[in-house]
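Encoded as C-alpha cells, the structure appears first; notes follow it.
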Amino acid sequence: MSVFVYSPDPAKLLSAFQQALSIPEGQADALSWVQDADGDLTHRTPRWGGRMFFKTFALEDKLEFRAYVLKTPAGETLTTPLEDGVYHGQLVQTLVSHFAGQYSRIEVIHPVKPVVTPPSLT
C-alpha cells in the first residue's frame, strides 16, 4: 500500500514531517512515528513498532509514503492485516491532526510491496 498526500509543495511537507519527528515522546505535539537508520518510518509504540515501514518520496505534486512489510526467509509475510490497517490509519490520522492545510487530499492505495528479508530472520 501507499499513502499519497497531494500538496503544492511536497518537499516542504516532507521537511515539516521530518522536523516533527524530532519532538520528544510525551510532548503534546510528538508524533507516533520514528525514523530508523535508513530513514524509514515505523510506529513508535512497543506494540506496533517495527512491524511495517514506510519509505517517503517527495514527487512533483505529492508525497508518497510507500509501505513495506517484513517477510521470513520462506517468503511468509510477518505483517498482519490488522497491523496493515493500524499503520495506514495512524499515518492518515497523523497527517490530518498535525499537517492540516499543507495538502489538498490523501489517498490510500493497495497493494503492499514487500521488502527484503531482515537480517535478523536469516
- Message: Suppose we filter the range 40-66 for residues that are more than 21 Å from residue 78 (Cα to Cα) and of a type outside the set (D, E, K, R); how many remain?
- Response: 5
- Query: Scanning for something acidic (Asp, Glu) and in contact with a strand residue (DSSP E or B) (Cβ under 8 Å, 6 or more places away or on another chain), does the range 79-97 turn up at least one residue?
  - Reply: yes
- Name the residues in the range 92-101 that are assigned to a helix (DSSP H, G or I), over 15 Å from residue 1 (Cβ atoms) and of a type outside the set (Ser, Thr, Tyr), would you? 93, 96, 98
- Per-region count, the range 28-55, residues among the hydroxyl-bearing types (Ser, Thr, Tyr) and touching an Asp or Glu at 6+ places or on another chain (Cβ under 7 Å): 1
- Task: Being surrounded by fewer than 18 Cβ atoms within 10 Å (Cβ to Cβ) and among the hydroxyl-bearing types (Ser, Thr, Tyr) is the filter here, so list the residues in the range 6-18 that pass it.
- Result: 6, 15
- Message: Restricting to the range 4-42, give me the number of residues that are assigned to a strand (DSSP E or B), closer than 23 Å to residue 60 by Cβ and within 14 Å of the chain's Cα centre (by Cα).
- Response: 3
- Message: I'm trying to understand the selection: among the residues of the range 92-114, which are at pLDDT 85 or above and either among the hydrophobic types (A, V, I, L, M, F, W, C) or touching a Pro at 6+ places or on another chain (Cβ under 6 Å) (or both)?
- Response: 92, 95, 96, 99, 100, 106, 108, 109
- Message: Could you check the range 45-91 and list, in sequence order, the residues that are part of a strand (DSSP E or B) and either loosely packed, with under 15 Cβ neighbours inside 10 Å or modelled with pLDDT under 85 (or both)?
- Response: 57, 69, 71, 77
- Identify all residues within the range 19-44 that are surrounded by fewer than 14 Cβ atoms within 10 Å (Cβ to Cβ) and either of a type outside the set (A, V, I, L, M) or in contact with a Lys or Arg (Cβ under 6 Å, 6 or more places away or on another chain) (or both); write none if there are none. 19, 22, 24, 25, 26, 27, 29, 36, 38, 39
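The values are calculated or read from the model by the stated rules, or taken from the named source; none is laboratory data. Predicted model, so just to flag it, every value in this text is computed and none were measured. Counting neighbours? That spans all protein chains shown, and the Cβs are built from the backbone with ideal geometry, glycine included.
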